[in-house]
Amino acid sequence: MDLQALQLSAKHQIFMNRFVAACQADQRVIAAFLGGSYAKGTADAYSDLDLSLITTDAAYEAFFADRAAFLGQLGAPAFLEDFGRPKTVFFIFTDDTEGELWFGSASRVDHIHSGPYRVLLDKKGVLTGAVFPEREPTQAEQIELLRRQVVWFWHDLSHFITAIGRGQLCWAHGQLEALRLYCINLARLRQNFLDGDVGSEGYWKLEQALPTAQLSPLQATYSPLERGAMLQAVLTLVQFYQEQALLLTRTHGIAYPAVLERVMLDRLDRLKTV
């Protein structure tokens, strides 16, 4: 395809030329495509490259094992990691090109991508008519995720109480961040229950996930490392959590942990009198 039509940045244009040329020259590679923000037409100056390539079935295992050598043809890598995710490499090159590369084989391409894509190379027509639906978690998966968020908030509040009661303010401050993330996740679920980024990636593209005004009460919870300020912050977090969690548990038929809430709030009340 005409890479100029993608309106790539100058460094991405050079990198993509190398990538397509390397794929074209390698007989094991039969197709390659571009996904992410460039394929969606939403790329900006901070966008990275979301690339996928497909090999023959026979060559796949050996090619994946030798993936560093392939990537070495594209420039000088400063960072290559898979973070424990199979079929994927996250990369940063010394020219500041960053992205991820997914690997698939001719008979198994459905796992490597979701959403729009732009074909870069297709030697055998394996991408003709191919559709990669956007992946969404199931309702049951999200209900279990919600249950964990609702219950574990109080578990982490217990750690906050222990930490601040012992005067371990750095630990307590870290627990404030954990509690804030639960609140953010609950707000995201309230906005879109099938939001696939809820969980440890709750901050991921947060401003696109929901109006920032919905999180304005949390601004005051970014407190200094001082006992009184942190206690006030945690009270704000508890109130925000309760507003989100009570509505979500009623909506989705989950039992709200009222007994656990009472135990933890009693602990918090005792802490305030110390």
Just reorder R190, R250, R28 by solvent-accessible area, largest first, 1.4 Å probe, all chains present. R250, R190, R28
Find which of A43, L225, G202 sits farthest along the positive direction of the dipole of the chain, computed with +1 on the beta-carbon of Lys and Arg, -1 on that of Asp and Glu, about the Cα centre. L225
Would you calculate the separation in nanometres between label points at A78 and D44, each defined as 7 Å from the Cα along the Cα-to-beta-carbon direction? 2.2 nm
Once both label points are put 7 Å beyond Cα along the C-beta direction, the Y222-Q7 separation in nm becomes 3.1 nm
What distance in nm separates the simple spin-label points at E177 and L271, each placed 7 Å from Cα in the Cβ direction? 1.8 nm
Enter the angle in degrees (range 0 to 90, nearest 10) between the Cα long axis of helix 10-25 and the first principal axis of the Cα atoms of the chain, meaning the one along which they spread out most. 50 degrees
Percent carbon-and-sulfur accessible area, the range 92-153, ignoring ligands, DNA and RNA, probe 1.4 Å: 52 percent
Taking all pairs of distinct Cα atoms, average 1/r, flip it, and tell me the Kirkwood hydrodynamic radius of the range 171-213 in Å to one decimal place. 10.6 Å
Against the 2.2 N^0.38 Å rule of thumb, the C-alpha Rg of the chain sits at a ratio of 1.27
On alpha-carbon atoms, Rg over Rh for the range 57-199 using Kirkwood Rh? 1.11
Amide H within-cut-off set for L49, under 5 Å, with H built and near neighbours excluded: E98, G99, E100
What value, in deg cm²/dmol to 500, does the helix sum -39500 (n - 2.57) over DSSP H runs of n ≥ 4 give at 222 nm once divided by the residues of the chain? -15500 deg cm²/dmol
What whole-number distance in Å separates the alpha-carbon centres of the range 21-45 and the range 216-235? 45 Å
Fluctuation leader among L194, L260, L237 - the chain, Gaussian network, Cα springs under 10 angstrom: L260
Förster radius 51 Å - calculated FRET efficiency between R118 and A229 (Cβ-Cβ, nearest 0.05): 0.55
Residues whose placed amide H lies under 5 Å from that of A31, excluding near-sequence neighbours: I54, K123
Could you report the range 124-243's accessible area per residue, 1.4 Å probe, as an integer in Å²? 51 Å²
Just how large is the dipole of the chain about the Cα centre, in debye to the nearest 20, putting +1 at every Lys and Arg Cβ and -1 at every Asp and Glu Cβ? 620 debye
With the calculation restricted to Cα positions, what are the radius of gyration and Dmax of the range 1-86 in angstrom? 13.5, 38
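The values are calculated or read from the model by the stated rules, or taken from the named source; none is laboratory data. Treat the numbers as computed from the prediction; the structure is a model and nothing was measured. No Cβ is skipped: glycine too gets one built from the backbone with ideal geometry, and neighbour counts run over all protein chains shown. SASA here: full protein model, heavy atoms, side chains in, ligands and nucleic acids out. Shrake-Rupley method; radii C 1.70, N 1.55, O 1.52, S 1.80 Å.
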